[in-house]
Amino acid sequence: MANANLNTFGSSRRLLRSLRELMADEGDTQTRLDHMVSQIAREMVADVCSIYLRRSDGSMELCATEGLKSEAVHSTRMKDGEGLVGLVAESLEPISLSDAPHHKRFSYRPETGEDPYQSFLGVPMLRAGRLIGVLVVQNQAQRTYPEDEIDVLQTIATVLGEIVSATDLSSQLPDFEIKPSLPESMHGRTFAKGLAKGIALLHAPEVAATKLLSDDPEAEESRLKDGLRDLRNGLDKLLTGEANTLGAVSLEVLEMIALLAQDRNWEKRLVEGTRAGLTAEAAVEQVRSEHRARMMAAKDQYLRDRLHDLEELDNRLLRHLAGTDNLTQFIPEEAILVARDIGPAELLEYANTDLRAILLEEGTSSGHAAIIARAMGIPMIGQIRGLLARTEAGDRIIVDTNAGAAYLRYDPMVLEAFEARFRAQTAERVRVNALKDVASITRDGKAIKLMMNAGLVLDLENLDQSGAEGVGLFRTEFQFMVSNKLPRVDAQTTLYSTIVENAGDKPVTFRTLDLGGDKIARFMKGEREENPAMGWRALRLGLDKKGILIYQLRALLRATEDKHLRVMFPLVSIVSEFDEAKEILLKEVEWAKSQGRKPPKKLEIGAMVEAPSIAWSVSEIAKKADFLSVGTNDLMQFFFASDRGSTKLGERYDILSKPALSFLKFIKENAGDTPISVCGEHAGRPLEAMALIGIGFDILSMPPSGLSAVKEMILATEFRDLRNKIQNILAQDNCDIRNELRNFCETKGIIV
């Protein structure tokens, strides 16, 4: 068997050398294809070799053949999914048959003259996970193609895919689109509003295999094994916390990737590629393309996730081979970030760049990456099926969140159609920004306090321009998520001091750590949970890991010596949790005094109402807290028993419904005289904000991007009319509250 493999690999190398010569040939495309199939048939000892290329409509066209009738070339077309060629295209895997004519998917085409051929071996031609075509060999005699021959044909198909992709087919074969080049629109769900245009920037960009064929297979195999060793060592260091990694890569994902890195079948497939004559990079690219193609075709989410882990492993190995195992990159001006998904810490790495918009193949509108995007004022569209497969780095893109659409490689007419909207967007910003210094008071004198949510220092740099009266929520966890170690008290103090200084005389409400769920800290290795959103997170984690909570409270006290400090504890589920957290803070105040430090000039301690259990105890906790804040993002997911991260449930349940508004009204009324705000995404949407004001809330905290629009709505509203309208709506059964409020706004001339 070893000799057979050696002979096969020797034949493969000869064939690849011939293909390399063809790559340098200046002949026309058809002549090259004809020479390719002739040489492949000779080296593979096949009676037939054919190349089918995928047309723009999904059909497969016979573009070159050795052994079938020449007049069938460019005449024979297989419909999408038709025949054995269609089966290979569907499965994206090799199909080997010893008695092809009796297979149920066999499609007889008399014009090809393939009657005498019994055996069939077809492999997909892939480039960057996209199907380009199918390479087929056939024999008259019935035979079973051995595994090593299948591997060799796959290697040849990889090279052919790159050759065909690098060849300009547009003039000779105009109906073939080997790589995306035509204008197209893709649609998804809007996560953050806005209109933008720019240049595609691939998140965690791939390292392309610039050289396909090797001059020294043994040296390439050695390079590959060195790269594998470095990769595995690097993953071990990441798991032990010895090395840096970009973004909040969860321990679970790292462990899965490290496990996959030990897969001997994966390694064997890579080694076979180098032995067949590919460079180490090209061998990895071949396997990566197969993984990506299967991932795009997979319908099962678990399988897609595992294939994505495999592709991530391929990308890491390519970076090791290139000697650039990091994700730093040049970020162009007017960048449109394109990714499968992105974590909140990863997105923060782009905070100081010229990022204009974000497009995701997956993601959720309530995920923290989306929250950060809204805070940064960056348009975001997610759940765009097939985005990565259809986007090339450098593509021109227009992002229109009103339509939930991305226009790739747009033509001048599309740009011209959008120019008026870009001008209108600029004019609208000027108009609403003019309201920033106007008091937020309804037409009949009801004052509504508008606060902003923040989590970054740069958010505070825009506090005055936003028109907010302060920061109703400062998320403190982001500093922890981008650090490989628990931030020391001094580092935390520096951050909080900067925040307080930038806020000036405006109040800042610091929420203590809300880690857990989709907010992963690299330095923490917690147990995996079936439902992390309802698991060990937020204050629960802080009370169990008191050292972390005490460090943070100590830093907050140092940053606000002789100043105003507002501290808010997240996800309080029972009153005793708030009592315990408050006692820890007050003890820290006394300890600071004993160390000769000044206490805050004013100290306010609050709680977030996010768990339905505390909502029913709101009258009790209101007596013990200086203020309360309703966190609608979490409260609504628990109220409706609807995972905020679920793509299937995102649009099913509406806060503008009788059960939700009645529940929120109950919370407001039972808080008594204790100040209570609404802090969440809903507060920053004019229609939802209107409903919240109508049921009695007069403090709203929201992303900076929502402030101007909400203020504009308030200035145009009569509070008494709105309150009466909401009361009438809630008294009705089966009422479409959202539609009722829209009609109310239209009648009153209120822009929402």
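Are any residues in the range 539-584 without any contact (Cβ under 8 Å) to a residue 12 or more places away in the chain and under 36 Å from the mean Cα position of the chain (by Cα), and if so, which ones?
Initial filter on the range 539-584 (without any contact (Cβ under 8 Å) to a residue 12 or more places away in the chain): 544-545, 547, 576, 583.
Within the range 539-584, Asp544, Lys545, Gly547 qualify.
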Could you tell me whether the range 722-733 includes any residue that is of a type outside the set (A, V, I, L, M, F, W, C), farther than 28 Å from Ala454 by Cβ, touching an Asp or Glu at 6+ places or on another chain (Cβ under 8 Å) and in the same structural domain as Glu604 (by TED's automatic domain parsing)?
-> yes
Among Glu66, Glu82, the single one that is surrounded by fewer than 22 Cβ atoms within 10 Å (Cβ to Cβ), in contact with a helix residue (DSSP H, G or I) (Cβ under 9 Å, 6 or more places away or on another chain) and under 20 Å from Ile132 (Cα atoms) is Glu66
Being at pLDDT below 60, part of a loop (DSSP other than H, G, I, E, B) and of a type in the set (A, V, I, L, M) narrows it down to one of Leu239, Leu173, Leu254, so name that one.
-> Leu173
Which numbered condition Phe106 fails, given (1) within 21 Å of Asp47 (Cβ to Cβ); (2) at pLDDT below 95; (3) out of contact with any Gly (no Cβ under 7 Å at 6 or more places or on another chain) | (3)
Here, helices (runs of 4 or more DSSP H) confined to the range 398-484 with at least 2 residues that are within 23 Å of the chain's Cα centre (by Cα) are 457-461, 477-481
Scope the range 649-697; condition outside any helix (DSSP H, G or I) and polar (S, T, N, Q); matching residues | Ser657, Thr674, Ser677
Does Ser50 meet the test of being closer than 18 Å to Glu162 by Cα, among the small types (Gly, Ala, Ser) and either surrounded by 14 or more Cβ atoms within 10 Å (Cβ to Cβ) or at pLDDT below 90 (or both)?
-> yes
What is the residue count in the range 372-397 for residues that are of a type outside the set (S, T, N, Q) and in a loop (DSSP other than H, G, I, E, B)?
-> 10
Considering only the range 78-107, how many residues are assigned to a loop (DSSP other than H, G, I, E, B) and hydroxyl-bearing (Ser, Thr, Tyr)?
-> 2
Elements of type helices (runs of 4 or more DSSP H) in the range 704-751, at least 3 residues being at pLDDT below 90 and in contact with a helix residue (DSSP H, G or I) (Cβ under 6 Å, 6 or more places away or on another chain) = 707-715
Restricting to the range 553-609, what's the tally of residues that are hydroxyl-bearing (Ser, Thr, Tyr) and crowded, with 21+ Cβ neighbours inside 10 Å?
-> 1
Single match in Glu362, Glu419, Glu392 (criterion: exposed (fewer than 14 other Cβ atoms within 10 Å of the Cβ) and not assigned by TED's automatic domain parsing to the domain that holds Asp459) = Glu419
Can you tell me which residue among Met44, Met36, Met60 is over 21 Å from Asp151 (Cβ atoms), surrounded by 20 or more Cβ atoms within 10 Å (Cβ to Cβ) and of a type in the set (A, V, I, L, M, F, W, C)?
-> Met60
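The values are calculated or read from the model by the stated rules, or taken from the named source; none is laboratory data. Just so it is clear, the structure is predicted and the values come from calculations on it, not from any experiment. All Cβ positions, even for glycine, are placed from backbone atoms using ideal geometry, and neighbour counts span all protein chains on display.
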